[in-house]
Amino acid sequence: LATDDLRPSVPSEIPQEMFGFSALPEYRQVRQIADQLNDLGLPNPYFQVLDGPTSATASIGGKEVINFAGYNYLGLAEHEEVKQAAIEAIEKLGTSTSGSRLISGERAIHRELEADLAKFMGAEASMLMSGGHAANETTIGHLLRTGDLIVHDSMAHSSIITGANLSGARRRPYPHNDWRELDEILHDIRKDYRRVLIVAEGVYGMEGDLCPLPELVEIRNRHKTWLMVNEAHSLGTMGPTGRGVTEYFGINANDVDIWIGTLSKALGSTGGYVAGSHDLIDYLKHTASGFVYSAGLAPPATAAAQAALKLIEANPGWLTRLHQNADMVRDLAKKAGLNIGGSDHSPIVPIIVGDSMMTMILAQKLLADGVNARPLTYPAVEESASRLRLFVNAHHTQDQIRQTINKLAALWSKLQRENHASAG
Ligand code: PMP
C-alpha cells in the first residue's frame, strides 16, 4: 500500500479494548471465571461433551450416568419412529432446503407440520422458524418499534430481552409472576405508548413454575395490549395430553395473540415456531427478517418434530409418567431439606445453592457420583440464586430419582459442613 494515500487514525491513540478482543473487558470477565475454576482444580462446567442422545441416562466419556441435564422430556430425540422419520425425510428431500421458504425452500412437509402444530395447540395458524431463540427475537424485534412498550416477566428468556432491545421499543420488566404489579404498570403508563406487548412464559426454564395465564389474559383484554407466551418448556409437557398451558389452564389459544415455541425440547428435534391468528402468521411470513431471509427448516428436523407430535398424541401415558416423576423429585428433595425454589407442576426442578462456586463444585461431585445435572450461575441467574437445574424425564425410574436425591442431599450437607468449618 502507498501509505501516503491513507488517512491517519483520529484520535491517534485508540485504546486496545476498543478494537482488540483480548482486551475486551466483557471477555476478560469470562477468562477470569475460567481461571478461578482452574485455580480451584475444577473443570470448566460448560461445553461438556456427551457421547450420544440424552434422556433418563447419558454417556459421558464412555461412562453411563443418570441424566437430569437435557430437555428431551419424553425421550423422543432417540425414539425409533422419530429417527426413522428423519432418515426417510433425508432420503426423500435431502439434508437441507437450500433456500428461503419464499424463494425455493418451501416443502409440503413444512405446511403439514405448521398445520399439525396449530391444530395441536388450538391456534389458527403457525409458522416454522430456525429455532425458538430466533422465533422470540425475530417476532418481538419485528412487531414492536420506537414509541411502543414491552412489559415482560423478569425471568423471561434471554432471546426475549434481546428481541425487545433490538425492537427500539421501551422495555420494562415486571417482578416474576407478579400480575398485580403488571396491572399497576399498565394502568400508569399504557396511555403513553402505541402498541404494548406483554411477554410471559408457559413454564419458566430457570425456576420450573408456570405463568398466571388466566390473569394475564384478563389484563391483556382490559388494557388492550398484545399477549405473547413462550411455550418452550410447556408444549408437550403441560396439560393431560401435552397441549401446553392452554390445556393446563383451560384457556382458548386465541386469547393469546402470539405463541412462541421450540421443537428442541419435548418434540425431540431442532427448530422453533410462532403460532397465532391467520393474519399474524401471514404478516410475519411475508415480512419478518428472521423468516424471510433464513433457509427453510431442514427436512430431517421437520419430519422428526412431525413424528414426535403424532407420538405425543398417541401416548398420553408419557405425560402422566413425566408428572409423577417430577412430583416425586420435588417431594423427595423437599423432605431432604433441599431448596427447590418456586418449582411447581412442571418437569423442571431447581436446587438452589446460592453461590456460583459451590454450585459448580456440587455439580462436579454429583457427576463423579454418577449423576449429571448442570449448574446455572450468574449471569443466567442472580449470584445469590445460583442453582443446579434438574430436567425430569418421563423415562426416569423411581430408583434413579431416589438415588439422585439421596446423593444430592448427602453431597450438599457435606459441602455445607466443610464450608462452615473453613469459615469458622
Ligand atoms: N425459550 C426458552 C425458555 C428456552 O429455554 C430456550 C432454549 N434454551 C429457547 C427459548 C430457545 O429455543 P431454541 O433452542 O429452539 O433456540
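The values are calculated or read from the model by the stated rules, or taken from the named source; none is laboratory data. Remember, predicted model here, so these are calculated numbers, not experimental data. Methodologically, a virtual Cβ is constructed for each residue, glycine included, from the backbone with ideal geometry; neighbour enumeration extends over all protein chains shown.
Some notes on this structure:
- Evaluation of Lys83 against the conditions (1) surrounded by 11 or more Cβ atoms within 10 Å (Cβ to Cβ); (2) within 16 Å of the ligand (Cβ to nearest atom) shows that the sole unmet condition is (2).
- Selection status of Ser96, small (Gly, Ala, Ser), modelled with pLDDT of 95 or more and in a strand (DSSP E or B): no
Every residue, every condition in (1) within 25 Å of Gly341 (Cβ to Cβ); (2) among the basic types (Lys, Arg); (3) within 16 Å of the ligand (Cβ to nearest atom), yes or no:
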residue: Ala125; (1), (2), (3): no, no, no
residue: Leu128; (1), (2), (3): no, no, yes
residue: His133; (1), (2), (3): yes, no, yes
residue: Thr139; (1), (2), (3): no, no, yes
residue: Leu143; (1), (2), (3): no, no, no
residue: Asp148; (1), (2), (3): no, no, no
residue: Met155; (1), (2), (3): yes, no, yes
residue: Ala164; (1), (2), (3): yes, no, yes
residue: Arg170; (1), (2), (3): no, yes, no
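- Members of region 42-75 found to be more than 27 Å from Gly242 (Cβ to Cβ) and among the hydroxyl-bearing types (Ser, Thr, Tyr), listed by number: Tyr46, Ser59
Listed here are the residues, each with its yes/no results for (1) of a type in the set (Lys, Arg); (2) at pLDDT below 90; (3) in the same structural domain as Leu390 (by TED's automatic domain parsing).
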{"position": "Leu1", "(1), (2), (3)": "no, yes, no"}
{"position": "Asp4", "(1), (2), (3)": "no, yes, no"}
{"position": "Arg7", "(1), (2), (3)": "yes, yes, no"}
{"position": "Pro11", "(1), (2), (3)": "no, yes, no"}
{"position": "Glu17", "(1), (2), (3)": "no, yes, no"}
{"position": "Gln48", "(1), (2), (3)": "no, no, yes"}
{"position": "Pro53", "(1), (2), (3)": "no, no, yes"}
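Okay, residues lined up against (1) touching a helix residue (DSSP H, G or I) at 6+ places or on another chain (Cβ under 7 Å); (2) of a type outside the set (Lys, Arg); (3) more than 11 Å from the ligand (Cβ to nearest atom); (4) assigned to a helix (DSSP H, G or I):
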| position | (1), (2), (3), (4) |
| --- | --- |
| Met206 | no, yes, no, no |
| Arg220 | no, no, yes, yes |
| Leu227 | yes, yes, yes, no |
| Met238 | yes, yes, yes, no |
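- Whichever residue in region 251-310 is in a loop (DSSP other than H, G, I, E, B) and more than 20 Å from Met238 (Cα to Cα) and, among such residues, is farthest from the ligand (Cβ to nearest atom): Ser277
- Conditions (1) surrounded by fewer than 21 Cβ atoms within 10 Å (Cβ to Cβ); (2) over 17 Å from the mean Cα position of the chain (by Cα); (3) within 16 Å of the ligand (Cβ to nearest atom): number failed by Pro175: (3)
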